[in-house]
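Asks: Okay, handing you the structure first.
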């Protein structure tokens, strides 16, 4: 049975598409093995959102071929879509597959004439469900619209059917994702309400959603629907109005803060996470301080920090006043300090309060069960969940909502003790 391995970089949409490819390959009779192991075929689903993502994509392609020179190496994803000249110099990639051809991967794989009975593809307990593709915004730093194309939306009924199938396969939390999720053409609030009726689905989480799509109806469904995670990831990118304008972001820092204030007035203890780019062209010390100030005022529970890098084909490459890498590194470090402080403050706000964690898996190194809270806090359990009758749940806790209390705070993670269930 041919062995196939996968490596995925980048966004949740890429992760979802890799799961789709895996499911196709398992059904066709391929045996999925870890990327670190020997395989007949390696599939690298690449990303091109930053220069570092490009580098990681190239390294993964080279690493696969180095592991086995006779293996077939297939590179797909947005780095391939962008078609940079250096990619075509990488002889290790036997096949370059465009995004639109991912779902047709079997056309590029060797045919299996003798099938061995394989167990069906098994999703993780928390899985992505892509409902929208493409972006037509024109943020000056972003190459994604060029590599993902125009907006398309998955039909409402198809999303529901796919979600039901995923739940049947063991998924307990669905993360709705898209390249620009807020552009989903059907009503996303109605979609969430319909998804919440699926028996066995415990949680629905919204992935990254741009500020302009945070409506009163969306806030209401996050507040009132018990299956919807109390977590919104809203990219701000900068806290300085001059930089936001240069980025072609259609809001001001005041607009953003007013929006987060409205959300917090409606939803107690909500987690608001974000993306911030450090070192955008023209970002002077005042602009950077404005970003730091906004981060503290918005009380983000987590910040994904990106160091600006030029992307060929974007408007930002032509902007003057580029920031030197050393200054970017210093600013990034300062923002990381603010991020860590805000994250700890958010985690500590739940101390001594019962919090539910969806247990996803057992950590191989520590033997501790781990999972996420509704508010996107990664939790490790110190001890086994126990029933009120006294016995341990053991692996029966996988896929269950377990009440815990936070005990120790370790960066992005929290150690918690389980409460009787």
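Bear in mind these aren't lab numbers, they're just calculated from the coordinates by the rules spelled out. Small disclaimer: the values here were computed from a predicted structure and weren't measured. All Cβ positions, glycine included, derive from the backbone under ideal geometry; neighbour counts span all protein chains shown.
Asks: Quick one: grab Rg to one decimal and Dmax as a whole number for segment 50-191, Cα atoms only, in Å.
Replies: Every Cα atom of segment 50-191 included, Rg and Dmax give 18.0, 51 Å.
Asks: Can you give me the distance in nm between label points at residue 245 and residue 407, each placed 7 Å from the Cα along the Cα-to-Cβ direction?
Replies: According to this spin-label approximation, the distance is 5.4 nm.
Asks: Choose one answer from 327, 152, 260: the residue with the largest mean-square fluctuation in a GNM of the chain with alpha-carbon springs under 10 Å.
Replies: 327
Asks: So for segment 195-290, what are the equivalent ellipsoid semi-axes in whole Å, largest first, each being the square root of 5 times an eigenvalue of the Cα gyration tensor? Write out the running numbers ahead of the final one.
Replies: Values: eigenvalues 189, 33, 22 Å².
Semi-axes from the Cα gyration tensor: 31, 13, 11 Å.
Asks: Mind computing the radius of gyration and Dmax over the alpha-carbon atoms of segment 3-108? Å is fine for both.
Replies: Using the Cα atoms of segment 3-108, the pair Rg, Dmax is 12.5, 36 Å.
Asks: Relative contact order for the chain: what percent, with Cα pairs under 8 Å and sequence separation of 6 or more?
Replies: So the answer I get is 10 percent.
Asks: Using 0.36 nm per residue of separation minus the Cα-Cα distance, give me the extension gain between residue 368 and residue 95 in nm, one decimal.
Replies: 94.3 nm
Asks: Which entry in [x] 1.03; [y] 0.96; [z] 1.01 is this structure's computed Rg/Rh (Cα atoms, Kirkwood Rh)?
Replies: The value matching this structure is [y].
Asks: Say each of residue 324 and residue 349 gets a label point 7 Å from the Cα, pointing the same way as Cα to Cβ; how far apart are those two points in nm?
Replies: 4.0
Asks: Still on this structure, please answer the following. From the C-alpha gyration tensor of segment 355-418, pull out the three semi-axes of the equivalent ellipsoid (sqrt of 5λ each), sorted largest to smallest, in whole Å.
Replies: 17, 12, 11
Asks: If I stretch the segment between residue 382 and residue 152 completely, what's the gain in nm (0.36 nm per residue apart, minus their alpha carbon distance), one decimal?
Replies: 78.4 nm
Asks: In addition: Using per-residue counts of other Cβ atoms within 10 Å, averaged over each peptide, order 308-317, 40-49, 176-185 from highest down.
Replies: Final packing ranking: 40-49, 176-185, 308-317.
Asks: Using 0.36 nm per residue of separation minus the Cα-Cα distance, give me the extension gain between residue 304 and residue 341 in nm, one decimal.
Replies: Details: separation 37, 0.36 × 37 = 13.32 nm, distance 1.40 nm.
Working it through step by step, the gained length comes to 11.9 nm.
Asks: With no solvent and one equal point scatterer per Cα, compute the Debye intensity ratio I(q)/I(0) for segment 275-421 at 0.14 Å⁻¹ and report its log10, rounded to two decimals.
Replies: Ignoring solvent entirely, the Cα scatterers give -0.75.
Asks: Can I ask one more? Could you list 123, 213 in order of exposure, starting from the residue whose Cβ has the fewest other Cβ atoms within 10 Å?
Replies: 213, 123
Asks: Return the FRET efficiency for the residue pair residue 104, residue 63: r is the Cβ-Cβ distance, R0 is 22 Å, and the value is rounded to the nearest 0.05. Kindly include the intermediate steps, with their values, before the conclusion.
Replies: Working: r = 25 Å, r/R0 = 1.15.
The calculated FRET efficiency here is 0.30.
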